[in-house]
Structures are given as C-alpha cells and as structure tokens.
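What follows is a set of notes on a single structure, which appears directly below.
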Amino acid sequence: MVSPILELTNINKSFGHVHANKNINLTINKGTIHGIIGENGAGKSTLMSIVFGLYQANSGTIKVNGKEINLRSPKDSIINGIGMVHQHFMLVENFTVLENIILGFEGELVFGKNLEKAKKDLKDLCDTYKLNIDLNSTISDLSVGFRQRVEILKSLYRGAEILILDEPTGVLTPQEVDELFKILRSLKEEGKTIVLITHKLIEIMDLTSEVSVMRQGEMVGHTKTENTNKEQLAEMMVGRSVLLRLDKSEVKAGEVSFKVKNLTVKDDLDVTRVKNVDLEIRSGEILGLAGVTGNGQTELLEALSGIRKVESGEIYLEGKKVSDSQNFLDPRELKDKGLAHVPEDRQRMGLVTDFKAYENLIFGYHDQQPFSKSSVLNHRDIISHSKKIMEEYDVRPQSPNLITSNFSGGNQQKIILSRELNENPKVLLVGQPTRGVDIGAIEFIHQRLIDMRDRGAAILLVSVELDEVLSLSDRIVVMFDGKIVGEKDNINVTDRELGLLMAGVV
Amino acid sequence: MAPVDKSKVPWWVSNLIVPLVNLTLALLVSGLFIFIAGENPYEAVRLIIYGSFGYIEGFAYTLYYTTNFVFTGLAFAVAFHCRLFNIGGEGQAYIGGLGVFLVAINFSFLPVPIVWLLSIAGAVVFGAAWAFIPAYLQATRGSHVVITTIMFNFIAASLMVFLLVDVIRDTAQMGPHTVALPKEQWFPSFKDFAGLFGVKIRYSPLNISFLLAILASVFVWFLVWKTRWGYEMRAVGHNTQAAIYAGISPYKNIIIAMCISGGLAGLLGVNEILGVHHKIVAGFPAGYGFTGIAVALMGRNHPIGIFPAAFLFGILYQGGSEVTFDMPNITRYMFVAVQGVIILFSGALENLFRPQIESFFVNRLNMKASA
C-alpha cells in the first residue's frame with residue numbers, strides 16, 4: 001500500500017520578494033492521511049494552492065500516480081483527482097446542497113435525466129461515507145460543520161482521490177471536529193488520500209499517519225507520526241533559530257494603566273471568540289500576546305479599541321471603567337483618553353487605501369486642532385505635519401499627495417504607526433505590527449515600540465510571530481481558543497514552551 | 001495585457017483624453033443611428049451646434065438646461081462619495097419645488113431678496129427631508145437606497161399629483177398646477193439682463209439660477225475636499241470598517257451625505273419654479289434627476305467634471321430639439337437614444353479603452369523620459 005500518489009519535486013514559488021516556497025519536496029502515499037504542519041506564513045497554504053492549481057509554481061514538477069502533470073487551473077487538478085476544501089467555503093448560500101454540487105457540472109440545459117443520476121450518485125456517496133446530508137436543504141440553513149461536509153461531498157462527486165483540507169477545524173466546534181475526523185477516517189478506509197493542513201499538533205497526533213513540517217517556506221522534516229511526539233513537532237515547527245533579541249533596557253513598569261476584567265466577546269456570527277479574559281498592563285511595559293491566528297486575538301483587539309461590542313466583562317483605562325456590556329466608549333472617545341490602536345489588518349481597517357497619504361496620516365485625528373478648525377480642514381498644516389512625520393518615520397516616498405495604495409506594505413504600515421505613535425498615547429494596542437514588512441523596517445518599528453515603552457506607555461503587542469513577541473515583550477500571555485492559557489515573565493522563556501501553549505497542548 | 005501602474009498615468013490622460021475618446025465613440029455610434037434613420041449625420045451635427053450656440057436664445061436655452069443638470073449631477077456626486085447610489089434626484093427635486101413654492105407664497109409679505117433666500121432654503125430643506133427617509137432606512141435597517149430612492153420617486157410623483165389636483169390647484173384653471181407667484185418674486189431672467197444692455201431677445205428660461213449652480217459647484221467642491229464632513233463621508237464610502245476604526249460613524253455620514261444630496265437636487269425646483277414656471281406644474285422635473293446620474297458619472301463626480309458634462313447634456317437637449325424640428329425622421333426619442341449611448345460609453349463602458357489609452361501614453365512618456 002505504499003505507492004506514492006502525489007510527488008512534488010523542487011517546488012519554488014515567490015511573490016515579489018517573498019520566497020513562499022523554497023525547493024519543496026514532498027511525497028504523499030496512497031490511502032494515507034498526511035499532515036502538513038507549520039506556523040502561519042510558513043507556506044503550507046501556498047504549497048497546497050499550487051497542488052490545487054490556484055497558483056503556478058515558478059519551478060518544480062508535480063506527479064500524480066507517477067505521471068508528471070501540468071496544473072494551470074483548479075480544473076486541471078479536478079481532472080487529475082485532486083480536490084480541496086478551503087478554509088472559507090465556496091458555496092452559493094441560497095442554493096440547495098444539490099444545486100451547489102452540480103454547479104458547473106450540470107451537463108444538461110433542462111434538468112432531467114442527469115439530475116436524477118446525480119442525485120442517486122450523491123446519495124450513494126453519502127451512504128458510503130456516512131455524510132448524512134439532506135441534498136435538498138439550503139446552504140444558508142446549514143451549520144458550519146455541515147457546510148464543510150457539502151464541500152467534501154462536492155470534491156468526492158467530482159472524482160477526487162486526493163482531498164486537501166486547509167485548516168478544516170478552525171471554524172468547528174469540538175463535536176463537529178469529532179464528526180469530521182470520523183468522516184476522514186472512513187474516507188481513508190475507502191482508499192482515498194487526505195492531506196490535512198493544520199497548525200494544531202493535537203490533530204496531527206490524532207489523525208495522521210505521516211507528517212511533514214514546514215517553516216519559513218521550507219520543508220524541514222518528514223516523519224511517521226508514530227515515531228514522533230508533540231514536543232518534537234513543536235520544536236521543528238518553531239525552529240531553533242537564534243532569536244533576534246533587541247537592545248532593551250530593564251523594564252521599569254509603573255502603575256497598572258490598562259486592565260481587562262473577565263471579558264467575553266462575540267464575533268459577527270455570534271460565536272464567542274474571547275472567553276473570560278483578564279489582562280493587566282502597567283505603564284512602561286510591553287505585554288506580548290502570543291497565539292495562532294483565529295484564537296480570538298482579533299476580536300479582543302477590536303473590543304479593547306471600542307470597535308466591537310463587549311458581551312460581558314469590563315475594561316479600565318487608568319483606573320476608570322471605559323467599557324462594559326452596557327456603556328462603552330467609541331473609538332474616538334477612547335482616542336481622546338489616550339488609547340491608540342494599530343489594527344492587525346492595515347488595508348481593511350487601518351487605512352483608506354484610496355485616500356492620499358496625508359489624508360491617512362490624520363485619519364482618526366482629523367477633527368483635532370490644528371488639522372481641522374470649525375469643520376474646515378487646514379490643508380497647509382496637514383501637509384506640513386505629514387511631511388514632518390513622513391521624514392521622522394522614514395516613509396518612502398516622502399510625498400503626502402501620493403495615493404496610499406501606491407505605497408509598499410511596509411510603508412503603509414509606517415503611515416499607520418507614525419499616525420498612532422505621534423500622539424504619545426498612554427496605552428497602545430498593536431496588532432501584527434510587522435506583518436508583510438521587510439526586515440529593515442521591522443527593526444525600525446521594533447525600536448519605535450521600545451522607545452514608546454521607555455517613555456512610559458503601556459503596550460499590548462498582539463502577534464503571531466513568536467520571535468517578535470519574545471524579543472519585544474516584558475511579559476507574555478498566550479491565547480488559545482479565546483482563553484488566556486498561560487502567562488510568563490519574559491525571562492528564560494523558550495519558544496518551545498510558548499509553542500506548546502499556542503497549540504493548546506498544555 | 002499587463003495592468004498599467006496607475007501612479008504613472010498623468011491626470012490629463014485619465015480625466016481628459018479617456019472621456020473625450022468615449023464621447024467621440026458615442027457620437028460616432030449616434031451618427032450611425034441618424035444615418036440609419038435616413039438623415040445626414042453631418043447635417044444633424046451642424047444643426048445641433050447651430051441650435052445650441054448659433055443664436056443667442058438657443059445658447060440661453062443650453063445654459064438653462066445646464067443649470068438643471070448641474071444641480072442633479074452634483075446631488076448624485078455628493079452621495080456617491082459616500083458610496084450611496086442616490087437615484088432619487090427626480091423625486092427630491094419635485095419635493096424641493098414644493099418647498100420653494102410654499103415658502104414663496106406664504107412669505108410674500110417679506111422683501112423679495114429675503115423671500116428668495118428663504119425659498120432656496122425651502123428647496124434645500126424639502127429636498128433633504130425627502131432624501132432623509134431612505135437615508136435613515138439605509139443607515140438603520142440596511143434597506144438599499146437604490147430601491148428606496150426609486151420608490152420615493154414614485155411616491156413623490158403621486159403625492160404631487162394629489163396635491164396639485166386636490167389641495168393646491170389653481171381653482172380658476174383646469175390644469176394640474178398652482179396659482180402663479182406674484183410677479184415681483186420671479187427670478188430676473190436672461191431676457192431682463194439683456195434688456196439692461198439694450199439687447200432685445202425673445203423669451204428665455206435662463207435666469208439667475210445659473211449663478212446658483214456655479215455657487216453650488218463651488219460649495220460641493222469645498223464640502224467634499226476641504227471639510228471634515230466631506231473627509232468623513234469619503235472615508236465611509238471607501239472603507240467603512242476603517243471609518244469605524246477611526247471613530248467615524250457610518251450611520252451619521254450616510255444620513256448627512258443623503259440629505260446634502262437631496263438638498264442639492266431640491267435646488268432644481270428653484271430654477272424651475274422661481275425662474276421658469278413661477279408656479280408648480282405637474283411633472284416639472286422632467287427626467288433631469290435621472291440624467292443627472294449620467295452627468296455625475298461622466299464628470300467623475302467632481303464639480304470640475306460635472307460642469308462641462310452638464311453643459312454637454314445641455315447642448316444635446318437644446319441642439320436635439322432643434323434637430324427634431326428640422327429633420328422629420330428624427331424624433332425626440334431619437335435623442336433619448338443618443339443620450340443613452342453617451343451614458344453607455346461614459347458610464348458602463350467607461351473602462352473599455354482605458355487600459356489601452358493609458359498604457360499608450362505611459363509608454364510614450366517612458367520613451368520620452370529615456371530618450
């Protein structure tokens with residue numbers, strides 16, 4: 001049974017300057033569940049998108065059943081028996097299950113014979129794999145777990161022999177996860193091959209027979225799951241790379257200036273994402289919040305900055321309650337009280353990319369003197385202010401009149417940082433400050449954050465980059481599944497310890 | 001074709017050359033229509049130009065139409081900066097006209113200039129109020145303004161017919177219109193001005209509302225690009241989530257943008273009631289509200305673009321009616337079709353040749369730079 005069904009040789013893929021996949025070799029055996037594990041941005045999803053034909057590799061070969069194939073689009077992959085279930089489902093909400101599955105494969109103008117045949121085939125598939133789906137229900141009535149099954153069914157119906165699942169459990173409840181795993185096991189028993197992309201060690205140990213680890217675009221190891229353990233995998237995942245410790249003075253933490261008590265927050269789909277979180281940040285201290293993306297950090301940041309409603313719990317700024325479920329200050333009022341926020345997603349939230357740079361440099365402070373006087377914008381002062389801080393923060397090019405989308409990611413980030421740090425906030429919330437930023441700019445941004453801390457600001461740093469959390473923070477908390485699962489002073493903490501906490505192992 | 005680096009495209013290419021190319025194409029296609037209808041397209045163009053520029057009354061008509069299009073074009077543009085598709089200009093203008101009339105007739109004891117100012121305010125307030133309801137529904141309930149404003153056009157039309165038939169009709173007459181305002185309240189017309197300089201012309205609907213249109217253009221430019229209000233409206237329009245992050249209320253700005261938009265549309269009532277009819281006649285907005293959408297899109301939602309676009313549509317309206325007089329095969333509806341073609345090319349197909357034109361100029365400029 002150990003014949004390779006999928007072989008990748010020397011796959012390379014770059015996006016601009018980012019080398020997302022470097023010389024990847026991977027062999028997946030038929031009838032196995034193969035795990036691919038790695039931190040965010042390690043290149044797992046990129047690799048699988050290449051296999052599914054969404055991206056084209058810059059070089060390298062892909063063989064299915066020993067035959068070299070050329071994948072130019074998902075259509076080619078489907079023909080070759082490769083199916084993928086994405087993190088975000090690709091379903092038409094107001095169509096039924098049946099309609100979604102035959103979409104693009106209707107095969108007839110007026111539904112009749114083919115539709116009946118499809119119905120029968122699908123029923124058989126459902127029975128074989130115990131999917132338990134009602135073909136006539138509308139997608140919008142189905143829970144997330146069922147929608148995922150529809151995606152699986154869709155791939156099977158289209159003849160998938162290899163099924164790639166990208167972070168399938170991220171959106172599921174524990175019970176749904178159990179159900180999914182049952183289905184995956186029965187698929188395996190029927191001879192299908194499953195590739196499971198995840199960052200959760202526990203799933204790898206539970207489900208897979210072989211595992212490959214990726215780190216920073218490279219494949220760093222392959223092993224049989226039975227020959228390894230969580231600790232070893234975590235170590236491989238995070239890597240033993242020497243940490244770039246910053247020149248950082250001893251912490252001189254003062255009074256508690258930001259406090260969160262028993263905070264619970266729901267997301268837009270009414271799922272509880274932050275569960276009874278307590279935090280305290282002193283002035284002159286950086287609190288690092290580590291965690292894998294999607295464990296509630298986004299919702300936490302949004303609640304703390306006044307964007308998202310608090311379900312229960314309280315938030316205190318300098319000893320005064322600013323938010324609970326009944327009364328809360330909006331982002332502007334919080335700004336006035338000295339809270340600044342660098343959001344995680346700069347293009348979605350931090351900037352209006354169609355605005356000119358100078359318009360973004362005053363964004364959120366545009367109603368303050370001297371930028372605006374009795375509702376009229378003071379163009380001259382705004383431009384001179386923009387020029388000044390663009391120079392100070394080395395934003396390139398230094399042209400306030402340029403449309404923001406024409407700046408590089410790193411420079412867009414500097415626009416936000418310069419705007420927020422320039423106000424000398426008492427409390428600073430920073431999400432992913434260096435995501436997609438080049439190395440030179442990272443150093444600069446880190447130094448600025450340390451400067452802010454030395455000037456007495458209380459900083460909450462949320463980052464999925466462990467190195468970043470470790471090199472900047474004075475204290476570290478780890479968030480997993482909406483809860484704070486660990487807190488450490490940043491002395492002699494190893495990335496391994498944190499990695500285990502982040503993966504929810506301990 | 002590789003996408004063009006937008007930052008390298010000179011402003012005059014995207015804002016002048018591309019619209020001109022689109023316009024030329026639209027006119028060529030329109031010429032084809034006229035040819036198929038059995039008339040000479042060159043002759044038609046000559047008639048359009050003669051009709052809209054060739055004699056003083058014709059030119060005055062062109063500017064009168066321009067005035068209306070400026071108001072409705074600006075109205076659409078303001079809402080559009082907040083990404084609201086206000087297609088209710090027609091109804092807002094209608095109700096705005098009601099405001100003008102009610103104020104003028106009820107405050108006739110005041111000095112005339114004050115009545116004028118109050119009437120203009122009445123137009124703005126009534127137009128804004130008519131836009132407020134869809135705005136409120138959009139902001140609080142998410143009811144799409146496209147749907148609600150179009151419904152409000154019908155409601156406005158029905159309401160006005162009801163008022164004109166049953167409530168404020170001039171009972172001495174048979175038609176669905178009100179009594180005329182006292183003569184001293186009428187806006188000075190172009191004819192009066194010409195008379196001052198000893199030029200005698202026949203009737204002309206052009207009046208000092210044209211100056212109001214210029215003022216409104218300056219106001220919109222200032223509002224959108226120079227004030228905090230405009231800044232916040234644009235922020236909400238471009239990226240609502242970012243606006244919330246920055247503490248800008250989408251709710252508030254949707255309502256403000258729609259009300260300003262409705263107020264501007266209401267100004268059409270000033271031109272029509274104080275300047276032309278001197279009373280409310282049924283159906284006076286006559287489609288200007290809808291054409292305003294095309295004007296705004298063609299003018300790229302900027303007053304500097306809207307003014308020439310409005311002028312162009314003024315030429316078409318005035319020149320078009322001239323053509324229909326002289327060419328029996330060309331009906332009024334033919335010019336509706338011509339308008340449609342222009343809207344098609346400058347709106348829906350606006351990006352048809354944009355990449356080619358832009359890359360052509362970018363390549364030329366690069367060659368020049370490297371030479």
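Points to keep in mind about this one:
- Distance-filtered residues of region B:314-347 - backbone nitrogen under 18 Å, label point 7 angstrom along B:Glu43 Cα→Cβ: B:319-332, B:334-335
- With at most 13 other Cβ atoms within 10 Å, longest stretch of chain A clear of loop GluC sites (Glu not before Pro) (DSSP): A:256-506
- Residue-averaged [θ]222 nm for the protein assembly as shown, counting only DSSP H segments that reach four residues, each worth -39500 (n - 2.57): -14500 deg cm²/dmol
- Net charge dipole, chain A: roughly 660 debye, given to the nearest 20, about the Cα centre with Cβ charges of +1 for Lys and Arg and -1 for Asp and Glu.
- DSSP finds beta bridges in region A:4-238, and of those with both partners inside it, around 55 percent are antiparallel.
- Chain A - percent relative contact order, Cα under 8 Å, separation 6 or more: 15 percent
- For the pair region B:118-177 and region B:248-319, the centres of their Cα atoms are 15 angstrom apart.
- Selection among A:Ile152, A:Gly66, A:Ser209 by position relative to the dipole of region A:4-238 gives A:Gly66 as farthest towards the positive end (Cβ unit charges, Cα centre).
- Å² of accessible area per residue within region A:4-238, as computed with a 1.4 Å probe and no ligands counted: 46 Å²
- FRET efficiency, A:Asn327 to A:Asp278 (Cβ-Cβ, R0 22 Å, nearest 0.05): 0.65
- Helix runs (DSSP H) in chain B reaching 30 Å along axis by Cα, Kyte-Doolittle at least 0.0: B:56-81, B:112-141, B:303-326
- The dipole here belongs to the protein assembly as shown: it is taken about the Cα centre, uses +1 on the Cβ of Lys and Arg and -1 on the Cβ of Asp and Glu, and is about 1480 debye.
- Averaged over its residues, region A:350-424 has an accessible area of 39 Å² per residue, based on protein heavy atoms and a 1.4 Å probe.
- Ordering B:Leu164, A:Thr272, A:Gly294 by Cα displacement along the dipole of the protein assembly as shown toward the positive end leaves B:Leu164 in first place; charges were set at the Cβ atoms of Lys, Arg (+1) and Asp, Glu (-1).
- The calculated FRET efficiency for the pair A:Asn29 and A:Leu269, based on their C-beta separation and a Förster distance of 35 Å, comes to about 0.40.
- Net lengthening on full extension, A:Thr494/A:Asp178 (0.36 nm per residue, minus Cα-Cα): 110.6 nm
- With every protein chain in place, the protein assembly as shown: carbon and sulfur % of accessible area (1.4 Å): 58 percent
- Sites B:Trp221 and A:Glu443 - FRET efficiency at Förster radius 51 Å, r taken between beta-carbons, to 0.05: 0.70
- In this simple spin-label approximation, A:Asp336 and A:Asp481 carry label points 7 Å from Cα along the Cα→Cβ vector, and these lie 4.2 nm apart.
- Global geometry of chain B, whether rounded, prolate or oblate, following the gyration tensor of its Cα atoms and the 1.5 cut on a/c: oblate
- For region A:249-315, the dipole from Cβ point charges (+1 on Lys and Arg, -1 on Asp and Glu) about the Cα centre works out to 40 debye, to the nearest 20.
- Solvent-accessible area buried by pairing A with B, both sides, nearest 100 square angstrom, 1.4 angstrom probe: 2200 Å²
- Per residue accessible area of region B:65-309, 1.4 Å probe, in Å²: 39 Å²
- Part-to-part distance (alpha-carbon centres) for region A:388-442 and region A:119-186, which is given in Å: 44 Å
- Extending 7 Å from the Cα toward the beta-carbon at both A:Glu231 and A:Gln369 defines two label points whose distance is 6.3 nm.
- For chain B, the longest piece that avoids every one of the trypsin sites (Lys or Arg not before Pro) found in DSSP loops with at most 11 other C-beta atoms within 10 Å covers B:1-199.
- Here the simple spin-label model places points 7 Å from the Cα toward Cβ, and for B:Ile147 and B:Phe109 these points are separated by 4.8 nm.
- Considering only B:Leu297, A:Gly456, A:Leu98, and ranking their Cα positions along the charge dipole of the protein assembly as shown that arises from unit charges at the beta-carbon of Lys, Arg, Asp and Glu, the one farthest toward the positive end is B:Leu297.
The values are calculated or read from the model by the stated rules, or taken from the named source; none is laboratory data. No experiment lies behind these values; they were computed from the predicted model shown. All Cβ positions, glycine included, derive from the backbone under ideal geometry; neighbour counts span all protein chains shown. Surface areas here come from the heavy atoms of the whole protein model, side chains and all, with no ligands, DNA or RNA. Shrake-Rupley method; radii C 1.70, N 1.55, O 1.52, S 1.80 Å.
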